[in-house]
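Notes follow the structure.
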Amino acid sequence: MEFNEKKTAILKVAEEVISEKGFEAASIREISKRAKINLAMVSYYFGSKEKLMEALFIHRSSDLKIKTEIIVQDDSLSQLDKIIKLTENYFEKVFANFSFHKIMLKEMAYLDSTVVYEQIQKMKSANFDLIDQVLSEGIRKGEFNPITNTDAVISLVNGTMSNYALNEKYYRFRWNLNPKKTFEEQTKQKIKTQLFHSLKAILLYHE
């Protein structure tokens, strides 16, 4: 799927609206109004709200895939540095629009879209293969714990991000956060520190 300047601009507005209202409550009319375009133009480019969501997911995941491949192919980095950069890249992408990430987690299961699920499967498989490549090389070179496995690393990263995304209300209470400030600005560094300490622990631990 190709994204020209107009499509990209519409997707940016759609992401904002969906982040605020959720997929079901977000309307093509609201997206059109904020994007300052004719209602018919959204339909022309995407066909429906479901197809627009598919396009948004593909657009965001393709950008992450390109950055991931660049990091993996950088021979100047150690395998540990590659894993750290890959994780940091994903972490920053999530926190750049934490609200949208939360909505995607909650609502993706309810989207009646084979295309979206196919894209998720392709993205996860591609990411798995790239991370597995880095971990295997790190184990071969003696950088990583020899029993380290790709599923454990991915589960740690995704699980950590999803936990905080889906339990924001609880952590606001637990950490006594300022209700007038965003969850992201008050927790980003704390979550990042925790994640990277845990990641290094499972990668570098030797019995």
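The values are calculated or read from the model by the stated rules, or taken from the named source; none is laboratory data. What you are looking at is a predicted structure, and each value in this text was computed from that prediction instead of being measured. Heads up, the Cβs are rebuilt from the backbone with ideal geometry, glycines too, and the neighbour counts pull from every protein chain shown.
The set of residues in the range 4-46 that are among the hydrophobic types (A, V, I, L, M, F, W, C), over 21 Å from residue 104 (Cα atoms) and either touching a residue at least 40 places away in the same chain (Cβ under 8 Å) or outside any helix (DSSP H, G or I) (or both) contains only 37. The requirement of being over 20 Å from the mean Cα position of the chain (by Cα) and closer than 23 Å to residue 192 by Cβ is fulfilled somewhere in the range 53-74, by at least one residue. The sole residue among 86, 52 that is closer than 21 Å to residue 132 by Cβ and in contact with a Leu (Cβ under 9 Å, 6 or more places away or on another chain) is 86.
Scanning the range 2-17 for any residue that is within 26 Å of residue 126 (Cα to Cα) and of a type in the set (Lys, Arg) turns up at least one such residue. Taking the range 124-152 as the range and being more than 20 Å from the chain's Cα centre (by Cα), free of Cβ contacts under 8 Å to residues at least 24 places away in the same chain and in a helix (DSSP H, G or I) as the test, the residues that pass are 136, 139, 140.
The residues on offer are 167, 127, 97, 163, and the sole one that is within 29 Å of residue 77 (Cβ to Cβ) and modelled with pLDDT of 90 or more is 163.
Looking only at residues that are aliphatic (A, V, I, L, M) and crowded, with 17+ Cβ neighbours inside 10 Å in the range 1-25, which one is farthest from residue 100 (Cα to Cα)? Restricting to residues being aliphatic (A, V, I, L, M) and crowded, with 17+ Cβ neighbours inside 10 Å, the top hit is 10. Scanning the range 47-86 for residues that are touching a residue at least 40 places away in the same chain (Cβ under 8 Å), surrounded by fewer than 17 Cβ atoms within 10 Å (Cβ to Cβ) and among the acidic types (Asp, Glu) yields 50, 69.
Exactly one residue out of 131, 147, 139 is among the β-branched types (Val, Ile, Thr), surrounded by 14 or more Cβ atoms within 10 Å (Cβ to Cβ) and farther than 27 Å from residue 105 by Cα, and it is 139.
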